[in-house]
């Protein structure tokens, strides 16, 4: 017998999806994650998603893709069209956490914005500082971030340690800081629709 629902998700959403599953009692939803580091190579995300779909298609009644477009140059949308399945809304996690209209307002107000989520605050050192070699070559900060003016932290949870980490990240990048609490945004509403069938 097939299981009800599988969400094939970006690893950057694992904590949030698990939190939503627990808070809503979505025991009929399973999740398989793909390494979040693929965001450094978005052209490889599509192949990883296809592989997970092929591996699990016969085990589940429904598969849902826990990715937005995520820089795949349309590959995610091609996959969901071919497979007859759905994905998270929007271009990226900043958009579906904030909601499309709020994100558009933020982007229009200041195009030079570097966004953080809870996941990115937790992993700022490894995914930004170390990955971009800013710890070895601090002069690269201006090369990478010279055209940015601010950091906007789109928080999912109320966590003072994460807020402090986001402020520290902005200070490290020498950018202005803003905080907007979004909760789980369209991640929650989309998964609620999936959970309801």
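So the values come out like this:
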{"read-out": "Ascending count of other beta-carbon atoms within 10 Å, so fewest first, for 179, 137", "value": "137, 179"}
{"read-out": "On Cα atoms only, tilt of 185-196 relative to the major axis of the chain in degrees", "value": "10"}
{"read-out": "The chain: most fluctuating residue of 176, 18, 147 per GNM, C-alpha cutoff 10 Å", "value": "147"}
{"read-out": "Shape of the range 100-181, Cα gyration tensor, a/c cut at 1.5", "value": "oblate"}
{"read-out": "Helical contribution to [θ] at 222 nm, DSSP H n ≥ 4, -39,500 (n - 2.57), averaged over the chain, rounded to 500", "value": "-12500 deg cm²/dmol"}
{"read-out": "Ranking of 72, 117 by count of other Cβ atoms within 10 Å, fewest first", "value": "72, 117"}
{"read-out": "Cα centroid separation - the range 135-191 against the range 11-77, whole Å", "value": "23"}
{"read-out": "The range 100-181: relative contact order in percent, alpha carbon pairs under 8 Å with at least 6 residues between", "value": "36"}
{"read-out": "DSSP beta bridges in the chain [antiparallel fraction, %, rounded to 5]", "value": "0"}
{"read-out": "Residue of 169, 100, 19 that the Gaussian network model of the chain assigns the largest fluctuation, springs spanning Cα pairs under 10 Å", "value": "19"}
{"read-out": "Order of 87, 55 - criterion: other Cβ atoms within 10 Å of each residue's Cβ, fewest first", "value": "55, 87"}
{"read-out": "Degrees between helix 14-24 axis and first principal axis of the chain (Cα, 0 to 90, nearest 10)", "value": "60"}
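Read-outs: derived from the displayed coordinates by stated rules, not from any lab. Only a predicted model underlies this, so the values are computations on that prediction, with no experimental measurement involved. With ideal geometry, Cβ positions are generated from the backbone for all residues, glycine too; neighbour counts draw on all protein chains shown.
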